[in-house]
Amino acid sequence: MRPGIDVECREVGLRDGIQIQKVFFPTEGKIAWLTAEAATGMPEIEVCSFVPPKLLPQFADAKDVVAAAKKIDGYTIAALSPNLRGAMDAFEAGVHKLNYVTSVSEEHNLANVRRTVDESVEDFKRIVELRNEKAPDVKLATGLATALGCSISGQVPVADVMALAGRFFEAGADELVVSDTVGYANPQQVKEMFNAVIGEFGDKVPVAAHFHDTRGLGLANVFAALEAGCRHFDASLAGLGGCPFAPKATGNIVMDDLVFLLEGAGMKTGVDLDKLVQVREIVAANLPEEPLHGMYAKAGAPKGFVPATQAA
Ligand code: ZN
């Protein structure tokens, strides 16, 4: 974690937020977005996904976006890849961090990446080997998708999450991301899950949270995870996003509201909240049909509100 901050927010809008958008988000717009958001003090931005353009044309410009992202200093450039082929491209492009995702639920993994969980773990081991050989400085984060529920198989046992987390840790993961991919979780469940995962792995690798606000409990889940000791949170500016396998899923939790929550709770994020809200205009200009979420942007700051980052 960057020195001087208490909690690390990570923007995933440029990947999770726009991957199911039918409209192509123009490359220049993506670059304007990440440039403006890096300037707010955002410590980490997932800028794209390395997947075949045939599968997800939205990320056909992944290399150009990473090249532009690298011209800016002071933040971690992350990219997602579901397989070795994409990881190869991401390492070549020069990302700082690679996010690899596997669903805890076998059915969801087959639907999402068309492989069994075993096959995904084996592929991750090959990615670790490649990283060690070609890009030893790149961090490898493993997303445990559907860790808090699956739209295909329903409830997901804590034991299954712990088992997959253990396999990834043993294989060389630098970070574990517990993901409520389809927005099923409630705060009580989150507390139990994060107590378990942080209890087992928290002193070895960062344990991060990835929540969706599908059923309105996203920020409540953040607070539950915070209380369990989680200090790394994914979110998407204006709450963009969804999941192709989660019918009617709304997006990721809203980054601007997340920063408001954390700063109000006295935790420094290092992010300038007012500047962050202005970045929404770039998203609106490039996705004019897309509804933007977020209550802080609508209502503004409470009278006398001093963000923890500014109080320092
Ligand atoms: Zn997500």
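The values are calculated or read from the model by the stated rules, or taken from the named source; none is laboratory data. Predicted model, so just to flag it, every value in this text is computed and none were measured. Please note: Cβ atoms are built from the backbone with ideal geometry, for glycine as well, and neighbour counts cover all protein chains shown. Note: areas computed on protein heavy atoms with side chains; ligands, DNA, RNA excluded. Shrake-Rupley method; radii C 1.70, N 1.55, O 1.52, S 1.80 Å.
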Could you please let me know if Asp234 is of a type in the set (Asp, Glu), in contact (Cβ under 8 Å) with a residue 60 or more places away in the chain and in contact with a strand residue (DSSP E or B) (Cβ under 7 Å, 6 or more places away or on another chain)?
yes
How many residues are surrounded by fewer than 21 Cβ atoms within 10 Å (Cβ to Cβ) and part of a loop (DSSP other than H, G, I, E, B) when one looks only at the range 76-105?
3
Only one of (1) over 21 Å from the mean Cα position of the chain (by Cα); (2) surrounded by fewer than 16 Cβ atoms within 10 Å (Cβ to Cβ) does not apply to Asp137, and that is (1)
Being open to solvent by less than 20 Å² (accessible area, probe 1.4 Å), free of Cβ contacts under 8 Å to residues at least 40 places away in the same chain and within 30 Å of Pro3 (Cα to Cα), is that true of even one residue in the range 52-65?
yes
Within the range 296-312, the residues that are among the aliphatic types (A, V, I, L, M) and surrounded by 13 or more Cβ atoms within 10 Å (Cβ to Cβ) are Ala297, Ala301, Ala308
Is it the case that the range 17-36 has a residue that's within 16 Å of Lys275 (Cα to Cα) and free of Cβ contacts under 8 Å to residues at least 40 places away in the same chain?
yes
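Out of Gly172, Gly143, I need the residue that is in contact (Cβ under 8 Å) with a residue 40 or more places away in the chain and within 14 Å of the ligand (Cβ to nearest atom). Which one? Can you show your working first?
Values: Gly172 fails: within 14 Å of the ligand (Cβ to nearest atom).
Being in contact (Cβ under 8 Å) with a residue 40 or more places away in the chain and within 14 Å of the ligand (Cβ to nearest atom) holds for just one of Gly172, Gly143, which is Gly143.
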Filter the range 221-237 for residues that are away from the ligand (no atom under 16 Å from the Cβ) and among the charged types (D, E, K, R); the one that is surrounded by the most Cβ atoms within 10 Å (Cβ to Cβ) is Arg231
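Need a quick list: helices (runs of 4 or more DSSP H) entirely within the range 197-312 having at least 1 residues that are under 27 Å from Phe25 (Cα atoms) and modelled with pLDDT of 95 or more.
On the way: elements: 218-227, 255-264, 273-286, 295-299, 308-311.
Counting at least 1 such residues, we get 218-227, 255-264, 273-286, 295-299.
Give the number of residues within the range 33-52 that are in contact with a Pro (Cβ under 9 Å, 6 or more places away or on another chain) and not in a loop (DSSP other than H, G, I, E, B).
First pass over the range 33-52, keeping only residues in contact with a Pro (Cβ under 9 Å, 6 or more places away or on another chain): 49-51.
Still in the list and also not in a loop (DSSP other than H, G, I, E, B): 49.
Selection size over the range 33-52: 1.
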Could you please find all residues in the range 7-17 being within 16 Å of the ligand (Cβ to nearest atom) and at pLDDT 95 or above?
Cys9, Arg10, Glu11, Val12, Gly13, Leu14, Arg15
Look through the range 187-220, keep the residues that are under 19 Å from Asp6 (Cα atoms) and in contact (Cβ under 8 Å) with a residue 60 or more places away in the chain, and return whichever of them is farthest from the ligand (Cβ to nearest atom).
Pro206
